[in-house]
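Everything on this sheet refers to the single structure shown next.
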Amino acid sequence: MQDGREVALERPVDHAARYEDGRIVTSHTRKLDTPIEIAGHEVAARSYDPTYFVAYDVPTDPKIVGREDCEITRAPADREKAREEYGDQLAAVDTASDPFEVVELDDIGILFADRFVVTCDASS
């Protein structure tokens, strides 16, 4: 996001997958569709599935290529608070008539996503 607006990304490339400690671990690279201005703007990224069907984690900090004056700061999600909110939203769903009904929780995955804020030197 740049100043609260979504930024288009290219399709994923450099796919990799492995089985590790009882989990399927995948990775890929997503580049910006077009370059964006960072200096003087709020630029942030999160990796998540809006439905929370898949739990994403970013085990290593993302990298910036092409600028030495930029840094990325990770703001970890409050996972305990996210679990409480998720539970509250699930509890509010009426599944009495059909316990197998698909439950739609709008953008619930963002609660579990770390936020990565990009800052660059404004003079560059």
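Residue separation of Thr95 and Asp57 scaled by 0.36 nm, minus their Cα-Cα distance, works out to 10.7 nm of gained length.
For Pro50, the shell of other residues with beta-carbons less than 9 Å away shows a net charge of -3, using +1 for Lys and Arg and -1 for Asp and Glu. Note on region 36-84: with charges restricted to the Cβ of Lys and Arg (+1) and Asp and Glu (-1), its dipole about the Cα centre is near 180 debye.
Rounded to the nearest 10 degrees, the angle from helix 79-91 to the longest Cα principal axis of the chain is 40 degrees. Can you list which of the trypsin sites (Lys or Arg not before Pro) found in region 38-97 are DSSP loop residues with at most 13 other C-beta atoms within 10 Å? Answer in residue order: Lys63, Arg67.
Within region 15-60, the chymotrypsin sites (Phe, Trp or Tyr not before Pro) that combine a DSSP coil assignment with at most 15 other C-beta atoms in a 10 angstrom radius are Phe53, Tyr56.
Computed from the alpha carbon atoms alone, the convex hull of region 56-113 holds 113 Å³ per residue.
Note on the chain: with neighbouring protein chains present and a 1.4 Å probe, carbon and sulfur make up 51 percent of its accessible heavy-atom surface.
Under a Cβ-Cβ cut-off of 14 Å, what is the net charge of the residues other than Leu32 that fall near it, where Lys and Arg count +1 and Asp and Glu count -1?
Values: positive: Arg5, Arg11, Arg30, Lys31, Lys63, Arg67; negative: Glu6, Glu10, Asp33, Glu37.
Charge balance near Leu32 sits at +2.
Pairs of Cα atoms nearer than 8 Å and 6+ residues apart set the relative contact order; for region 19-124 it is 44 percent. Loop-resident GluC sites (Glu not before Pro) (DSSP state other than H, G, I, E or B) in region 6-75 with no more than 11 further Cβ atoms inside 10 Å of their Cβ: Glu6, Glu10, Glu37, Glu68.
Can you compute the helix-only [θ] at 222 nm over the chain? Use -39500 (n - 2.57) per DSSP H run of at least 4 residues, normalise by all residues, nearest 500 deg cm²/dmol.
Details: 1 runs with 13 residues, N = 124.
Rounded to the nearest 500, it is -3500 deg cm²/dmol.
Given +1 at the Cβ of Lys and Arg, -1 at the Cβ of Asp and Glu and no other charges, the dipole of region 65-109 around its Cα centre is 260 debye to the nearest 20. Using C-alpha pairs below 8 Å separated by at least 6 residues, the relative contact order for region 1-41 is 43 percent.
Computed from the C-alpha gyration tensor, the three semi-axes of the ellipsoid equivalent to region 8-124 are 33, 18, 14 Å, from longest to shortest.
The values are calculated or read from the model by the stated rules, or taken from the named source; none is laboratory data. For clarity, every value in this text was computed on a predicted model and none was experimentally measured. Please note: Cβ atoms are built from the backbone with ideal geometry, for glycine as well, and neighbour counts cover all protein chains shown. Keep in mind that these areas ignore ligands, DNA and RNA; they rest on the heavy atoms of the full protein, side chains included. Shrake-Rupley method; radii C 1.70, N 1.55, O 1.52, S 1.80 Å.
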